[in-house]
Amino acid sequence: MEDILSKLHYVLKEVEEFQADSKDKLERFKSVFIGRKGVVTELFEQMKEVAPEHRKELGQQLNRLKNFAEDRYKSLVDQVSELTESKSVSLSQDLTLPTIPENLGSVHPLTQVRWQIEEIFERMGFNISEGREIEDDWHNFSALNFPPDHPARDMQDTFFIEKNPDILLRTHTSTIQVRVMETQAPPIRTLCIGRVFRNEAISARAHCIFHQIEGLYVDRNVGFADLKQTLLHFVKELFGKNTKIRLRPSYFPFTEPSAELDISCLICKGEGCNMCKHTGWVEIGGTGMVDPNVLKSSGIDPVEFTGFAFGMGLERITNLKYQIRDLRLFTENDVRFLRQFATLS
Ligand code: DAH
């Protein structure tokens, strides 16, 4: 009895685990388990050798095995026919038909221009630095020579997160200059790029979130001629070799002397048009020699080192390059707008 029961359990397991992916395997299953010469029939025959008082129970168990094997066979038949059907469907397809075109995404115009600018400066030996969007008063104002209560702080409408001590969303990427100078020794040549935030009403010409690109060069004997030549080279590379620059005296707390950077109008080439308000020039950013107080605040000796810096808005540059008239288009994600800048199609 023990012997036949363990055989029965063994066969049950075999039936359960049998896999079939072809008609041949199905045939095999049939002949091994449920055929007239199969193992289940064999087990039934062995019943004769078992003591009569155990026969009833064994008979029930063998019947269960027989039913189980038959059910398993049916489900294997279904599985195999599904497999062969799906194969025949794929063979009936016309493999020479052209595929349905996929809609490919593309790089946002701001990112494209950002990459172009990065590449131009990388060729001049600049690296890329990023800072943090949530800043303290020191990196956004104090280290940049904005005295407390100085009206220049009002030039930038700030989003404050906490007051006393002030925690805020950075209003410019000049914060990154400070962080770089605090942690690296000259020579420094870096581009500081990122999102900045100002508490302004959103319109075609202003947004509360935009991007700035800031350059910083600190070394021995860096002078105003280096500043001018670097910016001229950059502008010619980005906007075309006939573009001219003009530096207009200006004021920033963190540079001395300071200047506004203009380029010759890309539309009228300096003749005067609506775009440049008939002046022939359009402003693209601010620049100047790093104020010695800023070098000192960031731990660099202003007697030994000098530097220049510049800052510009990425949206403004992109607008000029592509003559986009409404800033809001950059953040609306309207595919009709974005598609015009697709590099792949
Ligand atoms: N941080 C200035 C702004 O947001 C831009 C700027 C002007 C940056 C002059 C500079 C600079 O590094 O030298 O308006």
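The table below gives the values:
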| item | result |
| --- | --- |
| Enumeration of residues in segment 220-244 that are buried (at least 18 other Cβ atoms within 10 Å of the Cβ) and either charged (D, E, K, R) or within 16 Å of the ligand (Cβ to nearest atom) (or both) | 222, 227, 230, 231, 234, 235 |
| Selected residue (criterion: surrounded by the most Cβ atoms within 10 Å (Cβ to Cβ)) from residues of segment 129-168 that are among the aromatic types (Phe, Trp, Tyr) and under 30 Å from residue 117 (Cα atoms) | 141 |
| Filter pass, residue 321 being more than 18 Å from residue 110 (Cβ to Cβ), more than 16 Å from the ligand (Cβ to nearest atom) and of a type in the set (D, E, K, R) | no |
| Residues within segment 299-323 that are of a type in the set (A, V, I, L, M) and surrounded by fewer than 17 Cβ atoms within 10 Å (Cβ to Cβ), tallied | 1 |
| Single match in 269, 296 (criterion: under 21 Å from residue 220 (Cα atoms), of a type in the set (Lys, Arg), away from the ligand (no atom under 16 Å from the Cβ) and surrounded by fewer than 20 Cβ atoms within 10 Å (Cβ to Cβ)) | 296 |
| Flag if residue 263 is touching a strand residue (DSSP E or B) at 6+ places or on another chain (Cβ under 8 Å), away from the ligand (no atom under 11 Å from the Cβ) and closer than 30 Å to residue 142 by Cβ | no |
| All positions within segment 285-321 that are without any contact (Cβ under 8 Å) to a residue 40 or more places away in the chain and either of a type in the set (Val, Ile, Thr) or assigned to a helix (DSSP H, G or I) (or both) | 292, 296, 303, 316, 319 |
| Odd one out for residue 266 among (1) outside any helix (DSSP H, G or I); (2) closer than 20 Å to residue 215 by Cα; (3) aliphatic (A, V, I, L, M); (4) modelled with pLDDT under 95 | (2) |
| Of the criteria (1) away from the ligand (no atom under 13 Å from the Cβ); (2) aromatic (Phe, Trp, Tyr); (3) in contact (Cβ under 8 Å) with a residue 60 or more places away in the chain, which one residue 217 fails | (1) |
| Any helices (runs of 4 or more DSSP H) falling wholly within segment 1-63 and containing at least 1 residues that are aliphatic (A, V, I, L, M) and over 24 Å from residue 79 (Cβ atoms) | 2-17, 39-46 |
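Let's see how each residue does on (1) surrounded by 13 or more Cβ atoms within 10 Å (Cβ to Cβ); (2) in contact with a helix residue (DSSP H, G or I) (Cβ under 6 Å, 6 or more places away or on another chain); (3) among the polar types (S, T, N, Q):
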| site | (1), (2), (3) |
| --- | --- |
| 33 | yes, yes, no |
| 40 | yes, yes, no |
| 51 | no, no, no |
| 60 | no, no, yes |
| 75 | no, no, yes |
| 97 | no, no, no |
| 110 | yes, yes, no |
| 119 | no, no, no |
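The values are calculated or read from the model by the stated rules, or taken from the named source; none is laboratory data. This one's a predicted model, so the numbers in the text were calculated from it and none came from an experiment. FYI the Cβ positions are ideal-geometry reconstructions off the backbone, even for glycines, and counts take in every protein chain you see.
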